[in-house]
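The values are calculated or read from the model by the stated rules, or taken from the named source; none is laboratory data. Note that the structure is predicted; figures quoted are calculated from it, not measured. Cβ: placed from backbone, ideal geometry, glycine included. Neighbour counts: every protein chain shown. Just so you know, the surface numbers come from the protein's heavy atoms only, side chains and all, with ligands and any DNA or RNA stripped out. Shrake-Rupley method; radii C 1.70, N 1.55, O 1.52, S 1.80 Å.
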Amino acid sequence: MPLIPRPYTRQDALAFVSGELDSGPHQFAVELDGSLVGSIGLIVDRHGTGEIGYWCAAEARGRGVATRALRRICLYAFEHLGMGRVELAVDPDNAPSRRVAEKAGFVQEGVLRSHLLHPDGRRRDSVLYSRLPSDPA
């Protein structure tokens, strides 16, 4: 995830949760059995499309946590915000995240070539997924 600072410090976390990073009002913690195991957020672009990002702690992976969170934020985007489209971009090599998107009803649209600049200076492709309110979850 190239947009997240490395190393990720306590100050980075405090800036994120306090809203100092302009991450938008639609950021949510993901909990499992009372413990924080991830985060999911939605940013609305200038066209009214929702751009979703998420992460899940290693100990919570493979348990459906990220898929449930992704389905819920889509429901929130479509029913509460009235959005007509949400998107997410995934590293082509991140097979688990791609599976999460597909399980949550997202459709792969294509590859965005040289899309994101990573902290090591390399530009990497992203796979673009989208979901519409009419798509099955």
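Miscellaneous remarks
- Out of Val86, Val111, sole residue that is under 15 Å from the mean Cα position of the chain (by Cα) and among the β-branched types (Val, Ile, Thr): Val86
- Test: Pro92 is assigned to a loop (DSSP other than H, G, I, E, B) and closer than 18 Å to Trp55 by Cα: yes
- Here Arg99 meets each of (1) surrounded by 11 or more Cβ atoms within 10 Å (Cβ to Cβ); (2) touching a strand residue (DSSP E or B) at 6+ places or on another chain (Cβ under 6 Å) with one exception, condition (2).
- Residues of segment 42-56 classified as open to solvent by less than 70 Å² (accessible area, probe 1.4 Å), more than 13 Å from Ala66 (Cβ to Cβ) and not β-branched (Val, Ile, Thr), total: 4
- Evaluation of Gly84 against the conditions (1) touching a Phe, Trp or Tyr at 6+ places or on another chain (Cβ under 7 Å); (2) surrounded by fewer than 16 Cβ atoms within 10 Å (Cβ to Cβ) shows that the sole unmet condition is (1).
- In segment 119-134, of all residues being under 23 Å from Thr49 (Cα atoms), not in a strand (DSSP E or B) and not aliphatic (A, V, I, L, M), the one that is least open to solvent (accessible area, probe 1.4 Å) corresponds to Pro133.
- All conditions in (1) within 23 Å of Asp33 (Cα to Cα); (2) touching a residue at least 12 places away in the same chain (Cβ under 8 Å); (3) not acidic (Asp, Glu) hold for Leu88, with the sole exception of (1).
- Unmet criterion (only one of (1) open to solvent by 70 Å² or more (accessible area, probe 1.4 Å); (2) over 18 Å from Val30 (Cβ atoms)) for Gly62: (2)
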